[in-house]
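The values are calculated or read from the model by the stated rules, or taken from the named source; none is laboratory data. Just so it is clear, the structure is predicted and the values come from calculations on it, not from any experiment. Cβ atoms come from the backbone with ideal geometry, glycine included; neighbour counts cover every protein chain shown.
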Amino acid sequence: MVVGSLRGFREVLICLTFFIKHQEIAGVFTATTPNLPGGQSKTEEHISTITDLIIPLRDVEMYDEMRRGVTVLNMRRSRQDQDIREFAIDARGMRIGRPFRDVTGILAGGPRHAGSAAIDIVGNIRR
């Protein structure tokens, strides 16, 4: 099937999503997007309104070492962990680790070390 426009893609995706939900099938759609924080949509195709769960994965360079981060941005009808956690994929599968601490800007693509005062402010906001 060829979808000739972004609008056509969105319409096909809405129909497919409706169908698989009605059939009680779990669907997984993947997308790459450079725009996360502060953008108009969590996905370039503006399909975040029809998804139940958005899980962004990010490469994170810290202390001259590449790491990977995962978080949950959108989970319908449920509260979710607000932390960005390190994850690894190895021979045993995917392992979710501890939250990144003393680091800001991970989702924006420019992680940088944050002082303890900044971390305290964020901690107070979350409470």
What pairs come up if the first residue lies in region 49-66 and is under 16 Å from Ile89 (Cα atoms), the second is loosely packed, with under 11 Cβ neighbours inside 10 Å and among the hydrophobic types (A, V, I, L, M, F, W, C), and their beta carbons are under 9 Å apart, counting only those six or more places apart or on different chains?
Asp59/Met66; Val60/Met66
So Val60 passes all but one of these: (1) modelled with pLDDT under 85; (2) in a loop (DSSP other than H, G, I, E, B); (3) not hydroxyl-bearing (Ser, Thr, Tyr). Which condition number does it fail?
(2)
Could you list, ordered by first residue, the pairs with Cβ atoms under 8 Å in which the first is in region 3-26 and of a type in the set (S, T, N, Q) and the second is part of a loop (DSSP other than H, G, I, E, B), at least 6 apart or interchain?
Thr17/Gly27; Thr17/Thr51
Please count how many residues of region 63-81 are modelled with pLDDT of 80 or more and either surrounded by 14 or more Cβ atoms within 10 Å (Cβ to Cβ) or within 11 Å of the chain's Cα centre (by Cα) (or both).
6
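Looking for whichever is surrounded by 13 or more Cβ atoms within 10 Å (Cβ to Cβ), of a type outside the set (Ser, Thr, Tyr) and modelled with pLDDT under 80 here; the options are Ile47, Ile14. Which one fits? It would help to see each step written out before you state the result.
Details: Ile14 fails: modelled with pLDDT under 80.
After applying the criteria, what remains is Ile47.
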Result of the Cβ filter at 9 Å on region 88-115, keeping first residues that are surrounded by 13 or more Cβ atoms within 10 Å (Cβ to Cβ) and partners that are among the hydroxyl-bearing types (Ser, Thr, Tyr) and not in a loop (DSSP other than H, G, I, E, B), at least 6 apart or interchain, is Pro111/Thr104; Ala114/Thr104
